[in-house]
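The next block holds one structure in the form of structure tokens; read it before the comments.
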Amino acid sequence: MSDEFVKMFKHKTGYEIVEPAHMELAEPSIRDAFQSCVEQDAQRVVISPFFLSPGRHWNQDIPSLSAEAAKEHPGVSYIVTAPLGLHELLVDVVNDRIKHCLKHISGDAEECSVYAGTGKCRLYNS
């Protein structure tokens, strides 16, 4: 999903250099993504965590991993942005998901791309 998000983000924002990165358990790593940005002539790397709120990863892990990656590229600056946090547009995203799922269970829409093929977007009875 991160590759699809990167494509959408690049298209919508016009940023030429956008790379996905992961802290652990998946590739590419922050180090690899940082390297890729530099190889594409980035002079500044913006690390934008895809988290709802600040926590240990945002406070410690990501800054530490970013600093380690930056050491290999003297002269390239970087910044770690705030997590998504409480943002008015997140309300719209959540509401859009809710409306789509309700349409799906009433037969008025296909499964969304997140649930497609899983059969999990259905009404459960207790």
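For Asn95, what charge total do you get from the other residues with a beta carbon under 14 Å from its beta carbon, if Lys and Arg give +1 and Asp and Glu give -1? Every neighbour counted, the sum reads 0. When Ser77, Ser48 are compared by accessible area of protein heavy atoms, the largest-first order is Ser48, Ser77, using a 1.4 Å probe.
For segment 1-91, what class follows from the C-alpha gyration tensor (a ≥ b ≥ c being the square roots of its eigenvalues): rounded when a/c is under 1.5, otherwise prolate if a/b is larger than b/c, else oblate? The shape class here is oblate. The apolar share of the surface of the chain, taken as the fraction of accessible area on carbon and sulfur atoms (1.4 Å probe, ligands and nucleic acids excluded), comes to 56 percent. Our helix-only sum for the chain, with -39,500 (n - 2.57) per DSSP H run of n ≥ 4 divided by its residues, gives a mean residue ellipticity at 222 nm of -12500 deg cm²/dmol. The mean accessible area for residues of segment 52-120, using a 1.4 Å probe and ignoring ligands and nucleic acids, is 73 Å² per residue.
The values are calculated or read from the model by the stated rules, or taken from the named source; none is laboratory data. These numbers were taken from a predicted model, which means no experiment stands behind them. Cβ coordinates were reconstructed from backbone atoms using ideal geometry, including for glycine residues, and neighbour counts include every protein chain displayed. Remember, those area values only see protein heavy atoms, side chains included, never the ligands or the DNA or RNA. Shrake-Rupley method; radii C 1.70, N 1.55, O 1.52, S 1.80 Å.
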